Amino acid sequence: MNLLREHAPADHADLPGPATEQMLRAAEARMGIALPGDLRAWLLQNNLDLPEEEVEDPGYVGFAGFAGFPDEGSFFLGIRAIEWLHGNHPMPWRAEWIPIVSDQDSWTGLFLDARDGRIGKWFVGENIATGTYASLADYFDSVAGVLQRIADGTHPYGSFTEGRLVWS
């Protein structure tokens, strides 16, 4: 988030604020699973749900908004989007898989396995892959690496332009 704030301050300013403990506890109760500590810490700093008054259709994950971060075709999920997708996933889904990144239509994304903290990947029509990243921290390190390459001008598809992250 520091890299985003430094190199894309306009995008960073558009992001909503943190989740509250009350929001997280309520979502955990409805999902029937405790959020792992690292995901909880992330959401308490960066809940990326759109404000409720801007939600056009809370019946699909696309309401989460902020497409294009962390990459061109996907976005980090906030707690409302996590909860919705956890309960309405388009694929056979285990209760301990907590979605954290998705595309607008939920066809592909990443999930945190609450049993061991590893990050897995789904793509509708393909087998789910577990262990894509060893942990949420490893995944965030990979995102930071991409943002740093964009900042250095060595990423082939991304740039920072007028305070925004732009994908070409």
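The values are calculated or read from the model by the stated rules, or taken from the named source; none is laboratory data. Just so we're clear, the structure is a prediction, and the values are computed from it rather than from any experiment. Using ideal geometry, Cβ is built from the backbone for each residue, glycine included, and neighbour counts are taken over all protein chains shown. In case anyone asks, the SASA skips ligands and DNA or RNA and just uses the protein heavy atoms, side chains included. Shrake-Rupley method; radii C 1.70, N 1.55, O 1.52, S 1.80 Å.
A simple spin-label model places pseudo-atoms 7 Å from Cα toward Cβ; at residue 135 and residue 105 they are separated by 3.6 nm. Put +1 on the Cβ of every Lys and Arg and -1 on every Asp and Glu Cβ in the chain; which of 161, 16, 43 then has its Cα farthest towards the positive end of the dipole? It is 43, whose Cα lies furthest towards the positive end. Element breakdown for the chain at a 1.4 angstrom probe: carbon and sulfur atoms account for 50% of the accessible area.
Largest GNM mean-square fluctuation across 32, 17, 87, computed for the chain with C-alpha springs under 10 Å, falls on 32. Computed from phi, the 3J(HN,Hα) profile of the stretch 101-107 under the Karplus parametrisation 6.51, -1.76, 1.60 (θ = phi - 60°) reads 9, 8, 8, 4, 9, 6, 6 Hz, with x in place of Gly and Pro. Surface exposure of the chain, expressed per residue as accessible area with a 1.4 Å probe, stands at 50 Å².
Cα centroid separation, the stretch 1-51 to the stretch 84-105: 17 Å. Subtracting the Cα-Cα distance of residue 25 and residue 148 from 0.36 nm times their residue separation leaves 40.9 nm of extension gain.
The Kirkwood hydrodynamic radius of the stretch 74-155, based on inverse pair distances between different Cα atoms, is 13.3 Å. Taking label positions 7 Å along the Cα-Cβ direction at both residue 71 and residue 93, the computed distance is 2.1 nm, reported to one decimal.
What ratio of Cα Rg to 2.2 N^0.38 Å holds for the chain? That works out to 1.00 for the chain. The dipole here belongs to the chain: it is taken about the Cα centre, uses +1 on the Cβ of Lys and Arg and -1 on the Cβ of Asp and Glu, and is about 460 debye.
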